[in-house]
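As structure tokens, the structure follows; a few thoughts come after it.
The values are calculated or read from the model by the stated rules, or taken from the named source; none is laboratory data. These numbers come from a predicted model, not from an experiment. Note: ideal-geometry Cβ built from the backbone for every residue, glycine included; neighbour counts use all protein chains shown. Surface areas here come from the heavy atoms of the whole protein model, side chains and all, with no ligands, DNA or RNA. Shrake-Rupley method; radii C 1.70, N 1.55, O 1.52, S 1.80 Å.
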Amino acid sequence: MITSKDYVQQHKERFINELIDLLKIPSISADSAYKKDMFSTATLVEKSLKEAGCTKTEICETPGYPVVYGERIVDENLPTVLVYGHYDVQPADPIDLWDSPAFEPVIKKTAIHPEGAIFARGACDDKGQFYMHVKALEYMVKNEELPCNVKFMIEGEEEVGSVNLAWFIKNNKEKLANDVILISDTGMIAKDTPSITTGLRGLSYVEVEVTGPNRDLHSGLYGGAVANPINILTKMIASLHDENNHITIPGFYDKVEELSKAERAKMAEAPFSLEKYKEALAIADVYGEEGYTTNERNSIRPTLDVNGIWGGYIGEGAKTVIPSKAFAKISMRLVPNQDWEEITNLFQKHFESIAPAAVEVKVKPHHGGQGYVTPIDGIEFQAASLAYQQIFGKEPIPQRSGGSIPIVAMFEEELKSKTVLMGFGLDSDAIHSPNEHFGVWNYLKGIETIPYFYKHFTALKKQ
Ligand code: BES
Ligand code: MN
Ligand code: MN
């Protein structure tokens, strides 16, 4: 019998080159200019699933971008693992800040990745991470190590809210029936500190528009007498946090799950250096809600952030103008028990209520999703934990993440199954940022570890 470690050693060059080919296609779901690339990526993903050993594959049409499906059913009586991932990526902007083009992958060494890291948009989020599962399947099939059934569902709209995936799941419950959902689309604490993500935050994303006068005005002739929508918008936004950085929207915290002292103490045991954190971001100090640590602020606490703000004149030189309109995009990260639609409504009501009569305010909800916490006493967690122990020689640390994968809560609601989040990325991999990368070491370790999840999950399920 050949181990996954040996198989990875023998085939690593090819594994890296295949991922590089996948990364070359700019599958940007947010920008319709890349529509053709989205479809060719789906085709390449399907081909890779077939080559890795799926006996049935399909490109499933949706009203948006297709879902790539694949399966290998060994025996109806054995458990089924459903792997979820996404082949779409974030836009590469701002492209000037990339050291090498976002869709021309290169391998470069970094301080954290002395073995090299693959630099490209999507390297870590999520092409590199879901492709680990494709290669893990190849290993298990070629070496007769696949102990159960496997299904793959790789979507093309995660970065734009998975709207059509929700539709797809509701209409394909039987096809997607499974015993556990396995996802690598999160991170780990450090290369020598394996961790299992046990929580994801929910999200409510809105856009606001403030309108003052019916046209842009001369700021001398009208300045001082007419409301400036940018002045008003910034004032309104500033009022959304109080002096302790608590969010001021009435009812916002009503359903927030407060962690017990013991749980917070447990969280604080995870290795973390505030100095290194600040250094990595080149900031003199951290900033956030009073009464909570940095790791609490970015995982178990809800937030409100402006993601973009615009209006008025931003061209070269100066133009004296009171603009007619000002805009902002605002995201709220939510924690378990907060309902994203309810929070969106609370935001809308509050934001409209604080607007002075001199302007008109419109709140346009974008998308959202519920948060999620995975249990740590189930066999899926245990199976993942055993897999990490086998490869890393250490027990993984449960860690709640601040990011969102809104579809995970829906999986549980519609498919009635639990999700395990086995992420292999690092926070420093710069997902969504210029120079995104994924460590070659992390990529190969993931491929090595995943087959052991299947093995332990199947064994535990039989007991
Ligand atoms: N993979 C990320 C989410 C993530 C990253 C979770 C790291 C935990 C750790 C995912 O692709 C993502 O970017 N999600 C979006 C939400 C989506 C609705 C656009 C996010 O979190 O902003
Ligand atoms: Mn992702
Ligand atoms: Mn993402």
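From 455, 462, which residue is open to solvent by 10 Å² or more (accessible area, probe 1.4 Å), touching a residue at least 12 places away in the same chain (Cβ under 8 Å) and not β-branched (Val, Ile, Thr)? Even if it seems obvious, please write down each step before you answer.
Numbers: 462 fails: touching a residue at least 12 places away in the same chain (Cβ under 8 Å).
Residue meeting the stated conditions: 455.
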If a residue has to be open to solvent by 40 Å² or more (accessible area, probe 1.4 Å) and acidic (Asp, Glu) to count, how many in segment 369-400 make the cut? 2
Subset of segment 179-211 that is within 18 Å of residue 351 (Cα to Cα) and within 16 Å of ligand 3 (Cβ to nearest atom) - its residue that is most open to solvent (accessible area, probe 1.4 Å): 205
From the list 247, 283, which residue is among the hydrophobic types (A, V, I, L, M, F, W, C), at pLDDT 95 or above and open to solvent by less than 30 Å² (accessible area, probe 1.4 Å)? 247
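Being out of contact with any Leu (no Cβ under 9 Å at 6 or more places or on another chain), modelled with pLDDT of 95 or more and aliphatic (A, V, I, L, M): is that true of residue 391 here?
Working: out of contact with any Leu (no Cβ under 9 Å at 6 or more places or on another chain): yes; modelled with pLDDT of 95 or more: yes; aliphatic (A, V, I, L, M): yes.
Yes; evaluated as a whole, the condition is true for this residue.
When residues of segment 290-332 are filtered for being hydrophobic (A, V, I, L, M, F, W, C) and open to solvent by 80 Å² or more (accessible area, probe 1.4 Å), how many remain? Show your work before the answer.
We begin by selecting, within segment 290-332, every residue hydrophobic (A, V, I, L, M, F, W, C); these are 300, 304, 306, 309-310, 314, 318, 321-322, 326-328, 330, 332.
Applying the additional criterion that residues be open to solvent by 80 Å² or more (accessible area, probe 1.4 Å) yields 309-310, 314, 318.
Here the count works out to 4.
Of all the residues that make up segment 70-91, how many are within 16 Å of ligand 1 (Cβ to nearest atom) and more than 19 Å from residue 185 (Cβ to Cβ)?
The initial filter retains those residues of segment 70-91 that are within 16 Å of ligand 1 (Cβ to nearest atom), namely 83-91.
Imposing the further condition that a residue be more than 19 Å from residue 185 (Cβ to Cβ) reduces the set to none.
Number satisfying all stated conditions: 0.
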If I go through segment 79-102 residue by residue, how many of them are assigned to a loop (DSSP other than H, G, I, E, B), buried (at least 19 other Cβ atoms within 10 Å of the Cβ) and more than 16 Å from ligand 3 (Cβ to nearest atom)? 2
So for segment 43-51 (the condition being buried (at least 19 other Cβ atoms within 10 Å of the Cβ), within 27 Å of residue 416 (Cβ to Cβ) and in contact with a helix residue (DSSP H, G or I) (Cβ under 6 Å, 6 or more places away or on another chain)), does at least one residue qualify? no
If we scan segment 105-113, do we find a residue that is in a loop (DSSP other than H, G, I, E, B), surrounded by fewer than 24 Cβ atoms within 10 Å (Cβ to Cβ), within 16 Å of ligand 2 (Cβ to nearest atom) and modelled with pLDDT of 95 or more? no
Filter segment 333-368 down to residues that are free of Cβ contacts under 8 Å to residues at least 40 places away in the same chain and either more than 18 Å from residue 205 (Cβ to Cβ) or among the aliphatic types (A, V, I, L, M) (or both) and give me whichever is surrounded by the most Cβ atoms within 10 Å (Cβ to Cβ). 353
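Is it the case that residue 306 is within 16 Å of residue 245 (Cβ to Cβ) and hydrophobic (A, V, I, L, M, F, W, C)?
Values: within 16 Å of residue 245 (Cβ to Cβ): yes; hydrophobic (A, V, I, L, M, F, W, C): yes.
Yes, satisfied.
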Tally up the residues in segment 417-434 that are open to solvent by 10 Å² or more (accessible area, probe 1.4 Å) and under 17 Å from the mean Cα position of the chain (by Cα), please. 8
Only one of these conditions is not met by residue 365: (1) touching a Lys or Arg at 6+ places or on another chain (Cβ under 7 Å); (2) more than 16 Å from ligand 2 (Cβ to nearest atom). Which number is it? (1)
If we keep only residues of segment 335-372 that are touching a helix residue (DSSP H, G or I) at 6+ places or on another chain (Cβ under 6 Å) and not small (Gly, Ala, Ser), then the residue farthest from residue 256 (Cα to Cα) is 359
Applying the selection to segment 115-167, what residues are within 12 Å of ligand 2 (Cβ to nearest atom), touching a residue at least 60 places away in the same chain (Cβ under 8 Å), assigned to a helix (DSSP H, G or I) and open to solvent by less than 10 Å² (accessible area, probe 1.4 Å)? 127, 128, 129
Criterion (within 15 Å of ligand 1 (Cβ to nearest atom), modelled with pLDDT of 95 or more and closer than 29 Å to residue 36 by Cβ) met by exactly one of 189, 154, 181: 154
Please pick out the residue among 195, 162 that is among the small types (Gly, Ala, Ser), at pLDDT 95 or above and under 29 Å from residue 447 (Cβ atoms). 195
Considering only segment 212-231, state which residues are open to solvent by 30 Å² or more (accessible area, probe 1.4 Å) and either under 30 Å from residue 334 (Cβ atoms) or within 16 Å of ligand 3 (Cβ to nearest atom) (or both). 230, 231
